[in-house]
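In what follows, a single structure is set out as structure tokens and then discussed.
Each value in this text was obtained by applying a stated rule to the coordinates, not by laboratory testing. Bear in mind that the values here come from a model prediction, so they are computed numbers and not experimental data. Note that we place each Cβ from the backbone using ideal geometry, even for glycine, and neighbour counts take in every protein chain shown.
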Protein chains: 2
Amino acid sequence: MKIAILGMGTVGSGVIKVIQENQMEIQQFTNEPIEVSHVFAKTITNQHDADFQNVIVTENIDDILNSDVELVVEVMGGIDFTFGLHQKFLSKGIHVVSANKDMLAVHIKELAKIGDENKAQLGYEASCAGGIPIINALTYGLQANKINRVLGILNGTTNYILTKMTQDAWSYDKALKDAQEKGYAEKDPTNDVEGLDARRKIALLSRIAYKQNLNVEDIPVRGISQVSVQDLEYAQADGLTMKLLGKSEYHGEKVQISVEPVLLPNNHQLATVNDAANAVYVNGNAFGETMFYGPGAGSLETASAVVSDVMNIAKFGFVGNLIVEEDANIDLAGEAASYFIRFAKGQTEVKLDVNYKVIADEDVLVIITEDMSANALEQLENSHQVEAVYVVIKD
Amino acid sequence: MKIAILGMGTVGSGVIKVIQENQMEIQQFTNEPIEVSHVFAKTITNQHDADFQNVIVTENIDDILNSDVELVVEVMGGIDFTFGLHQKFLSKGIHVVSANKDMLAVHIKELAKIGDENKAQLGYEASCAGGIPIINALTYGLQANKINRVLGILNGTTNYILTKMTQDAWSYDKALKDAQEKGYAEKDPTNDVEGLDARRKIALLSRIAYKQNLNVEDIPVRGISQVSVQDLEYAQADGLTMKLLGKSEYHGEKVQISVEPVLLPNNHQLATVNDAANAVYVNGNAFGETMFYGPGAGSLETASAVVSDVMNIAKFGFVGNLIVEEDANIDLAGEAASYFIRFAKGQTEVKLDVNYKVIADEDVLVIITEDMSANALEQLENSHQVEAVYVVIKD
């Protein structure tokens, strides 16, 4: 099968490398070679010494649209222009494999339909949690279940920063700077640290899990830029670890969904997912709980997911895209939850109708409440000097 | 699609329950209902209050062989008789989904071929690691890689026992008795505690990972019945946790494979997999490392994997079984490894060519060595009074 790669940055060159290096594994699986015949790019970054000898490099997309490629891999990023390209290829019955969560989180509903109308498969394993085959698992491994919860550490940058803050007591600023120096964080880290990247991924995963379309903009989001090391220490002293989670729950009516920093018991499977790793924790009515751990980013790691999609499409062709008609009804009020609450210095007394335990009261007052409604929390915030609030997940 | 279930014990009744309870999810996926028309069993245990009204219960396998079922689910267990049934159904072009690792570990090579000759699919997701979709992940999620290592906590009984011994300092005997009372361990626990169950599973998983047939009897196995709580304490003091691992490695020549209790750093993803949970940790040349965590057993949990296979076959039909021609060349000498070694009381001095650190020397001498060959270990055991040896895995 001839394929084209749109975009030749970090992931694109990883895809070339994996296809060349693991061609034997590919042919055993697909019974035919996979050949990269075209690359859509200005320049080639060849960080893996891959072989580009027989590859046509072009800046004219029509060269590819009018070629005999049966599949394009889109690893360019960007939204509007890339959406247009997806439409073009899918409309021509050319399969598309994409790592572009930014665009897919907004346009997947439409693209899946165009694909189905033209018998073109849309693969996007690489768009969520990098090298972890979570989309495949939700679609073909856990699909006998009613899925009722998805919790994901879906952004390696913020997980790295929180890990450094937790384990080494680094400030947020120091950890961010270190992440930038190591290449985990971009110069403008907003997308990562404010949770926008994780929000796109939890939207995509929840759509598969619950068969509900989620409007990304409707999902409440809160990042980690306001997290203080002191709160992490208070939490640790009570056996809790902070993770930035994309989280959603669905029990047949409204969908609870958000991205926010959350406290988990140290023995929760997600609590030990450290550094730049990603993980997705899923609950279903038959299997109970599972977790999938692995790399969230990286050239070869992401390419692993891309090439897996390419191989499945090469072997099975068009098998149908996930078409979702129902739009989610997002529950903005939220369910009752346990909260970690830190009060301002002067606030030494608390009036609260639910039980709570005090986990610090020397310098400032910090409590962890039993389950309380969002309403009750709002009342507390209005009547007390509250400085920090985090949801505590117990299981 | 009409299906039959062979065997109506814990898993069989879970399969009925999941099919009935999640029929909506099934039909969304397969576009047709899945109907259990026959059950091959003497009696029905209906632990989930499933509905058996329209199910024909028979003790005559010909009733099913000559019916219009397109797929049979085999959850009977046993080897010879069940192997015969598999042959019969696959030869007739009837798909088979099985949870029977005991039989498959021995006969999968032959059954996969019979299936391919008759366009019958053999699904066995439920045979390894219960509700974790690890076979699907290896086959359709990580298949773009050269897989070079599989480490699995593949037996919930032994993981429960080791967890109790580690966390609560229970003796092996006490933990085993508790596991038996809780229903995790059988009256005769040999298969679990001596590693025989895990050996079958690591054989099946390694076959998929490396495309090599493994003769189960050739795989070195050592269980946990000789593990002492004191060794777990020495190990914990040095930041190491014991797990019974099915483990294999392959770098293109010989396969290293064994089942044995192994010490892992506390921050290794596998070290925090506790109680009766299972997990499979996989290394590949593109994705690096991933881990899949979840339930290793249970009625609905195992049924989740069974019904997932049924749904995939209902949707895609025969897609080809994994045919493996190459027989593994098992490296019995093993690679160089780091060892935890506890000596007998009188042995206070060690003569060893590799570096080691002493982690206890008050009551008895306990050391952890740097990597040393199996040969060197044998020499040490011959010339010193060694009482316990465990491999230490560092990453």
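A compact table of results
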quantity	calculated
Spatially proximal lysines relative to residue B:315 (Cα-Cα < 17 Å; intrachain offsets below 8 disregarded)	A:119, A:315, B:2, B:119
Residue with peak Gaussian network fluctuation, chain A [Cα springs, cutoff 10 Å], from A:20, A:212, A:379	A:379
DSSP bridge orientation in the protein assembly as shown - percent antiparallel, rounded to nearest 5	65
Relative contact order (%) - criterion: Cα under 8 Å, at least six apart; region: segment A:338-392	52
Label 7 Å beyond Cα on the Cβ vector: residue A:222 copy-to-copy distances, nm	5.1
For peptides A:137-148, A:384-395, B:237-248, sequence by mean Cβ density within 10 Å, most packed first	A:137-148, B:237-248, A:384-395
Dmax and Rg, reported as Rg then Dmax, of segment A:30-125 (C-alpha, Å)	13.6, 39
Calculated diffusion of segment B:338-392, Stokes-Einstein form, Kirkwood radius summed over Cα pairs, 10 °C and 1.306 mPa s, µm²/s	145
For chain A, calculated [θ]222 nm from helices alone, where every DSSP H run of n ≥ 4 adds -39500 (n - 2.57)	-10500 deg cm²/dmol
DSSP bridge orientation in segment B:135-295 - percent antiparallel, rounded to nearest 5	95
Hydrodynamic radius of the protein assembly as shown per Kirkwood, over alpha carbon pairs, in Å	27.8
Most mobile listed residue (B:366, B:39, B:11) in chain B, GNM with C-alpha springs under 10 Å	B:366
Under the Debye formula (equal points on every Cα, no solvent term), log10 I(q)/I(0) of chain B at q = 0.14 Å⁻¹	-1.19
Entries in B:101/B:146; A:177/B:146; A:146/B:177; B:101/B:394 that, when Cα-Cα distance is taken, lie over 28 Å	A:177/B:146; A:146/B:177; B:101/B:394
Rounded to 5, percent antiparallel among DSSP beta bridges of chain A	65
Selected from B:332, B:352, B:204 as most flexible by GNM, with chain B as the system and alpha-carbon contacts under 10 Å	B:352
Dipole of segment B:135-295, positive end: most advanced residue of B:259, B:277, B:213 [Cβ charges, Cα centre]	B:213
Segment B:135-295, Rg to Rh (Cα coordinates; Rh as Kirkwood inverse mean 1/r)	0.97
Copy-to-copy label separations for residue B:44, where each label sits 7 Å from Cα toward Cβ, in nm and ascending	6.5
Nearest-first distances (nm) between copies at residue A:355, label 7 Å from Cα via Cβ	5.3
